[in-house]
Amino acid sequence: MLVKDGVATKEQVYTRYPAHELLIKPKAIIECYESIPCNPCSTSCPFGAITIGDDINNLPKVDFDKCTGCGVCVYSCPGLAIMVCEIFENKARFKIPYEFLPYPKENEVWHAVNRKGEVIGDALIEKVTLTKRQDRTVLVQVLVDEILLYDFVTIRRKL
Ligand code: SF4
Ligand code: SF4
(Lines give C-alpha, C1' and ligand atoms only; values in the text may rest on other atoms or scores of the structure.)
(Ligands and ions follow the chains in the order given, each with its own letter.)
Protein backbone atom coordinates (compact mmCIF):
# COMPACT_ATOMS: atom_id res chain seq x y z
CA MET A 1 0.00 0.00 0.00
CA LEU A 2 1.32 3.41 -0.99
CA VAL A 3 1.13 5.14 2.42
CA LYS A 4 2.77 2.23 4.23
CA ASP A 5 5.56 1.04 1.95
CA GLY A 6 5.49 3.40 -1.03
CA VAL A 7 4.17 0.68 -3.34
CA ALA A 8 0.92 1.37 -5.18
CA THR A 9 -1.73 -1.34 -5.00
CA LYS A 10 -3.00 -3.05 -8.13
CA GLU A 11 -6.27 -1.11 -7.73
CA GLN A 12 -4.38 2.19 -7.67
CA VAL A 13 -2.34 1.17 -10.71
CA TYR A 14 -5.46 0.20 -12.69
CA THR A 15 -6.86 3.72 -12.23
CA ARG A 16 -3.91 5.12 -14.18
CA TYR A 17 -4.37 2.97 -17.26
CA PRO A 18 -6.82 3.65 -20.09
CA ALA A 19 -9.28 1.02 -21.31
CA HIS A 20 -7.39 -1.98 -22.66
CA GLU A 21 -8.45 -1.37 -26.27
CA LEU A 22 -6.93 2.12 -26.23
CA LEU A 23 -3.50 0.58 -25.63
CA ILE A 24 -3.21 -0.52 -29.25
CA LYS A 25 -1.63 2.92 -29.50
CA PRO A 26 0.98 4.23 -27.03
CA LYS A 27 -0.43 6.15 -24.06
CA ALA A 28 1.12 7.91 -21.06
CA ILE A 29 0.61 6.23 -17.69
CA ILE A 30 1.08 8.71 -14.85
CA GLU A 31 1.69 7.20 -11.43
CA CYS A 32 1.70 10.43 -9.48
CA TYR A 33 -0.38 9.72 -6.39
CA GLU A 34 0.57 12.51 -3.98
CA SER A 35 -0.54 16.15 -4.09
CA ILE A 36 2.66 18.10 -4.60
CA PRO A 37 3.43 21.50 -6.17
CA CYS A 38 4.75 20.21 -9.48
CA ASN A 39 3.75 20.48 -13.15
CA PRO A 40 6.54 19.81 -15.72
CA CYS A 41 4.50 16.92 -17.10
CA SER A 42 1.72 19.32 -18.02
CA THR A 43 3.89 22.13 -19.36
CA SER A 44 6.13 19.80 -21.40
CA CYS A 45 3.42 17.90 -23.30
CA PRO A 46 3.46 19.17 -26.91
CA PHE A 47 -0.14 18.02 -27.41
CA GLY A 48 -1.80 19.51 -24.33
CA ALA A 49 -2.76 16.04 -23.17
CA ILE A 50 -1.92 16.53 -19.47
CA THR A 51 -3.85 18.95 -17.30
CA ILE A 52 -3.27 19.98 -13.71
CA GLY A 53 -5.50 23.01 -13.49
CA ASP A 54 -5.21 26.25 -11.57
CA ASP A 55 -3.94 24.64 -8.37
CA ILE A 56 -0.41 23.31 -8.97
CA ASN A 57 -1.02 20.80 -6.16
CA ASN A 58 -3.67 19.00 -8.23
CA LEU A 59 -2.87 15.55 -9.54
CA PRO A 60 -2.16 15.43 -13.29
CA LYS A 61 -4.78 13.94 -15.60
CA VAL A 62 -4.14 12.50 -19.07
CA ASP A 63 -6.51 12.98 -21.96
CA PHE A 64 -5.87 9.67 -23.73
CA ASP A 65 -7.53 10.97 -26.90
CA LYS A 66 -4.86 13.66 -27.18
CA CYS A 67 -1.88 11.59 -26.02
CA THR A 68 0.31 10.33 -28.91
CA GLY A 69 2.73 8.43 -26.68
CA CYS A 70 5.62 10.67 -27.76
CA GLY A 71 7.41 10.24 -24.42
CA VAL A 72 8.34 13.89 -23.75
CA CYS A 73 6.55 13.84 -20.39
CA VAL A 74 8.42 10.66 -19.41
CA TYR A 75 11.81 12.34 -19.27
CA SER A 76 10.39 15.70 -18.15
CA CYS A 77 8.91 14.39 -14.89
CA PRO A 78 11.40 14.92 -12.03
CA GLY A 79 9.70 12.18 -10.03
CA LEU A 80 10.17 9.53 -12.76
CA ALA A 81 6.46 8.87 -12.33
CA ILE A 82 5.47 8.52 -15.99
CA MET A 83 5.88 5.81 -18.60
CA VAL A 84 4.31 5.18 -21.97
CA CYS A 85 2.68 1.85 -22.76
CA GLU A 86 1.14 0.06 -25.73
CA ILE A 87 0.24 -3.58 -26.41
CA PHE A 88 0.49 -5.73 -29.53
CA GLU A 89 0.87 -9.43 -30.35
CA ASN A 90 0.88 -10.56 -26.70
CA LYS A 91 3.63 -8.08 -25.88
CA ALA A 92 3.68 -4.81 -23.99
CA ARG A 93 5.98 -2.04 -25.16
CA PHE A 94 7.00 0.59 -22.63
CA LYS A 95 8.96 3.82 -22.77
CA ILE A 96 10.48 4.37 -19.34
CA PRO A 97 12.87 6.90 -17.79
CA TYR A 98 16.26 5.58 -16.69
CA GLU A 99 18.98 7.47 -14.82
CA PHE A 100 21.55 4.87 -13.74
CA LEU A 101 24.89 4.04 -15.34
CA PRO A 102 25.65 2.09 -17.39
CA TYR A 103 22.79 2.89 -19.71
CA PRO A 104 21.21 -0.09 -21.47
CA LYS A 105 22.04 -0.75 -25.12
CA GLU A 106 19.74 -1.80 -27.95
CA ASN A 107 19.05 -5.54 -28.23
CA GLU A 108 20.29 -6.32 -24.72
CA VAL A 109 17.99 -8.33 -22.46
CA TRP A 110 17.60 -6.92 -18.95
CA HIS A 111 15.47 -7.98 -16.02
CA ALA A 112 11.90 -6.68 -15.97
CA VAL A 113 11.17 -5.36 -12.47
CA ASN A 114 7.91 -4.65 -10.62
CA ARG A 115 6.95 -1.88 -8.17
CA LYS A 116 8.41 -3.85 -5.27
CA GLY A 117 11.77 -4.14 -7.00
CA GLU A 118 11.25 -7.82 -7.76
CA VAL A 119 12.40 -9.44 -10.99
CA ILE A 120 9.33 -10.64 -12.91
CA GLY A 121 10.70 -11.58 -16.32
CA ASP A 122 12.83 -10.38 -19.21
CA ALA A 123 12.83 -6.99 -20.91
CA LEU A 124 14.24 -6.64 -24.43
CA ILE A 125 15.82 -3.23 -24.93
CA GLU A 126 14.51 -1.95 -28.27
CA LYS A 127 15.68 1.65 -28.29
CA VAL A 128 17.66 4.04 -26.10
CA THR A 129 17.24 7.78 -26.61
CA LEU A 130 19.25 10.58 -25.04
CA THR A 131 19.01 14.08 -26.49
CA LYS A 132 20.31 17.33 -25.02
CA ARG A 133 16.85 18.38 -23.78
CA GLN A 134 16.53 15.15 -21.75
CA ASP A 135 19.25 16.31 -19.32
CA ARG A 136 20.72 12.80 -18.77
CA THR A 137 17.37 11.09 -18.26
CA VAL A 138 17.46 8.32 -20.83
CA LEU A 139 14.26 7.21 -22.54
CA VAL A 140 14.38 3.44 -22.84
CA GLN A 141 11.93 1.53 -25.04
CA VAL A 142 11.50 -2.05 -23.85
CA LEU A 143 9.39 -5.05 -24.79
CA VAL A 144 7.97 -7.43 -22.16
CA ASP A 145 5.33 -10.17 -22.17
CA GLU A 146 1.81 -8.70 -22.06
CA ILE A 147 1.07 -10.67 -18.89
CA LEU A 148 3.40 -8.20 -17.12
CA LEU A 149 1.35 -5.20 -18.31
CA TYR A 150 0.21 -3.95 -14.90
CA ASP A 151 3.28 -5.13 -12.97
CA PHE A 152 6.25 -3.96 -15.04
CA VAL A 153 7.70 -0.63 -14.03
CA THR A 154 11.47 -0.61 -14.69
CA ILE A 155 14.53 -2.58 -15.72
CA ARG A 156 17.61 -3.92 -13.95
CA ARG A 157 20.82 -5.04 -15.61
CA LYS A 158 21.55 -8.76 -15.54
CA LEU A 159 24.86 -9.44 -13.75
S1 SF4 B 1 3.39 10.86 -24.08
FE2 SF4 B 1 3.60 12.79 -25.26
S3 SF4 B 1 1.52 13.25 -25.92
FE4 SF4 B 1 1.32 11.74 -24.28
S5 SF4 B 1 1.02 12.93 -22.43
FE6 SF4 B 1 3.23 12.53 -22.60
S7 SF4 B 1 4.07 14.31 -23.66
FE8 SF4 B 1 1.83 14.33 -23.97
S1 SF4 C 1 5.91 16.18 -13.34
FE2 SF4 C 1 5.81 14.12 -12.48
S3 SF4 C 1 5.88 14.39 -10.26
FE4 SF4 C 1 5.36 16.39 -11.17
S5 SF4 C 1 3.10 16.46 -11.15
FE6 SF4 C 1 3.74 15.64 -13.15
S7 SF4 C 1 3.72 13.40 -12.89
FE8 SF4 C 1 3.71 14.31 -10.83
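Using alpha-carbon pairs under 8 Å, 6+ residues apart, how would you state the relative contact order of the stretch 86-159 in percent?
Values: 149 pairs, mean separation 30.2, N = 74.
Across the stretch 86-159, relative contact order equals 41 percent.
Considering only protein heavy atoms and a 1.4 Å probe, what is the carbon-and-sulfur percentage of the accessible area of the chain?
Numbers: 4760 of 9020 Å².
In the chain, the share of accessible area belonging to carbon and sulfur is 53 percent.
Charges at C-beta only: +1 for Lys and Arg, -1 for Asp and Glu. How large is the resulting dipole of the chain about its Cα centre, in Debye rounded to 20? Spell out each step's value before the answer.
On the way: 20 positive and 21 negative charges, 86 e Å.
The calculation lands at about 420 debye.
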What does the charge add up to near residue 31, with Lys and Arg as +1, Asp and Glu as -1, over the other residues with Cβ less than 10 Å from its Cβ?
+2
Per-selection metrics, the stretch 1-85 (Cα): Rg and Dmax in Å
12.5, 35
What figure in square angstrom, to the nearest 10, would you give for the accessible area of residue 116 with a 1.4 Å probe?
140
Obtain the nm distance between the two label points defined at residue 63 and residue 114 by a simple spin-label model: each point lies 7 Å from its Cα along the Cα-to-C-beta direction.
3.6
Projecting each Cα onto the charge dipole of the stretch 21-159 (Lys/Arg +1, Asp/Glu -1 at the beta carbon, about the Cα centre), which of 104, 41, 154 comes out farthest on the positive side?
104
In Å², and per residue, what accessible area does the chain have when probed at 1.4 Å with the other protein chains present?
57
So what's Rg/Rh here for the stretch 77-159, counting alpha carbon atoms and using the Kirkwood radius for Rh?
0.93
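Would you mind checking the pairs 27/105; 66/158; 10/61 and listing those with alpha carbons more than 29 angstrom apart? Working shown, then result.
Values: 27/105 24 Å; 66/158 37 Å; 10/61 19 Å.
Pairs exceeding 29 Å: 66/158.
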With each pseudo-label sitting 7 Å past Cα toward Cβ, what's the residue 56-residue 130 distance in nm, one decimal?
3.0
Kindly report, to the nearest 10 Å², the accessible surface of residue 16 as traced by a 1.4 Å probe over protein heavy atoms only.
50
For the chain, what is the calculated [θ] at 222 nm in deg cm²/dmol (nearest 500), taking -39500 (n - 2.57) for each run of four or more DSSP H residues and dividing by its residue count?
-2000 deg cm²/dmol
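Which whole-number percent gives the relative contact order of the chain, counting Cα pairs below 8 Å spaced six or more residues apart? The partial results should precede the final answer.
Details: 316 pairs, mean separation 31.5, N = 159.
In percent, rounded to a whole number, it is 20.
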May I have the pair-distance distribution P(r) for the chain, computed from all Cα-Cα distances with 10 Å bins from 0 and rounded to whole percent?
11, 41, 38, 9, 0
For the stretch 100-109, Karplus-derived ³J(HN,Hα) couplings (6.51, -1.76, 1.60; θ = phi - 60°; whole Hz; x for glycine and proline) come out as 9, 9, x, 5, x, 10, 4, 6, 6, 10
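Once you list every other residue whose beta carbon is under 13 Å from the beta carbon of residue 145, what net charge do they have if Lys and Arg are +1 and Asp and Glu are -1? Before the final figure, lay out the partial values.
Numbers: positive: 91, 93; negative: 89, 122, 146, 151.
With Lys, Arg at +1 and Asp, Glu at -1, the net is -2.
The values are calculated or read from the model by the stated rules, or taken from the named source; none is laboratory data. These numbers come from a predicted model, not from an experiment. Every residue, glycine among them, receives a Cβ derived from its backbone with ideal geometry; neighbour counts consider all protein chains shown. Areas reflect the complete protein model, heavy atoms only, side chains present, ligands, DNA and RNA absent. Shrake-Rupley method; radii C 1.70, N 1.55, O 1.52, S 1.80 Å.
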